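Please treat every number below as a calculation from the coordinates, not as lab data. Since we're looking at a predicted model, the values are computed, not measured. Heads up, the Cβs are rebuilt from the backbone with ideal geometry, glycines too, and the neighbour counts pull from every protein chain shown.
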Amino acid sequence: MKLPVFREDFVTKSEFINFWSRQYSYENEHFYDDNIGKELTEERIWALFLWKNGKPLSKKKRTSVRKNFINDQTRIPVAPDSFFLSTYLNKPGGAIWRIFWLHCNHPEIYPIYDQHVHRAMARLNAWKELEIPFQNKDKVEVYINRYLPFWKEFSEFPPKKADEALWAYGKFTKLRYDFK
């Protein structure tokens, strides 16, 4: 009988993206695919946040989406300065959901940021602490000052494919395999 082992191989960015994007699997992906990059109608906003949440939204989350995203009239500029980004992302509604809202408005510019892509970035940069910061202000600081520059390193790839690869790799590393 042959049994599997896992080992860490170092490959090119292209091989990394191709391998890990094939490992990506997310239920209800059609909510994202059918709605991203289109006019943000109320129906599309609900579908996108359902996709982001991964399951139906609780009453509290529905209230937050309505208040902070559907009813909020803040215009997201294509190229805001870091002061706008920091101020906007630190408003109520949660940093991760506000970052996702940036992505919904300008998916070609703002990548999605969550615990899995953060963990991928941390692991690929050999950081000691792999987990996403707990405080919203710290998440915003890491997104603006670390994740956006890190994301640019993958600019030659289709953004969705790069996001899928980083998400799948980050989720895999949560299992805490010791590759030594």
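By the count of other C-beta atoms within 10 Å, a proxy for reagent exposure, Met121, Met1 are ordered fewest to most as Met1, Met121.
Of all lysines in the structure, the ones whose alpha carbon falls short of 23 Å from that of Lys91, not counting any fewer than 8 places away in one chain, are Lys52, Lys59, Lys60, Lys61, Lys67, Lys137, Lys139.
Find how much the distance from Arg123 to Asn18 grows on full extension, using 0.36 nm per residue of separation minus their present alpha carbon separation; answer in nm with one decimal. Walk me through the numbers on the way to the answer.
Working: separation 105, 0.36 × 105 = 37.80 nm, distance 1.81 nm.
The Arg123-Asn18 span can extend by a further 36.0 nm.
Ordering Phe83, Cys104, Val65 by the projection of their Cα atoms onto the charge dipole of the range 60-122, which places +1 on the Cβ of Lys and Arg and -1 on the Cβ of Asp and Glu, puts Val65 at the extreme positive end.
Per DSSP H run of at least 4 residues, take -39500 (n - 2.57); add these up for the chain, divide by its residues and hand me the 222 nm value, nearest 500 deg cm²/dmol. Display every interim value, and only then the final one.
Numbers: 10 runs with 91 residues, N = 180.
The per-residue figure over the chain is -14500 deg cm²/dmol.
Once you list every other residue whose beta carbon is under 13 Å from the beta carbon of Ser21, what net charge do they have if Lys and Arg are +1 and Asp and Glu are -1? Result for the local shell: +1.
Here Val117, Val5, Val140 are placed in order of increasing Cβ neighbour count within 10 Å, fewest first, which gives Val5, Val140, Val117.
With +1 on each Lys and Arg Cβ and -1 on each Asp and Glu Cβ, and nothing else charged, work out how big the dipole of the range 1-105 is about its Cα centre, in Debye to the nearest 20. Kindly include the intermediate steps, with their values, before the conclusion.
Values: 17 positive and 12 negative charges, 112 e Å.
It comes to approximately 540 debye.
Rounded to the nearest 20 Debye, what is the dipole magnitude of the range 13-173 about its Cα centre when Lys and Arg each give +1 and Asp and Glu each give -1 at the C-beta?
Details: 25 positive and 20 negative charges, 124 e Å.
Roughly 600 debye for the range 13-173.
Between Glu131 and Arg7, the simple label model (points 7 Å from Cα in the Cβ direction) yields a spacing of 3.2 nm. Summing Lys and Arg as +1 and Asp and Glu as -1 over all other residues whose Cβ lies under 12 Å from the Cβ of His103 gives a net charge of 0.
Of the chymotrypsin sites (Phe, Trp or Tyr not before Pro) found in the range 101-142, those that fall in a DSSP loop while having at most 15 other beta-carbon atoms within 10 Å are Trp127, Phe134.
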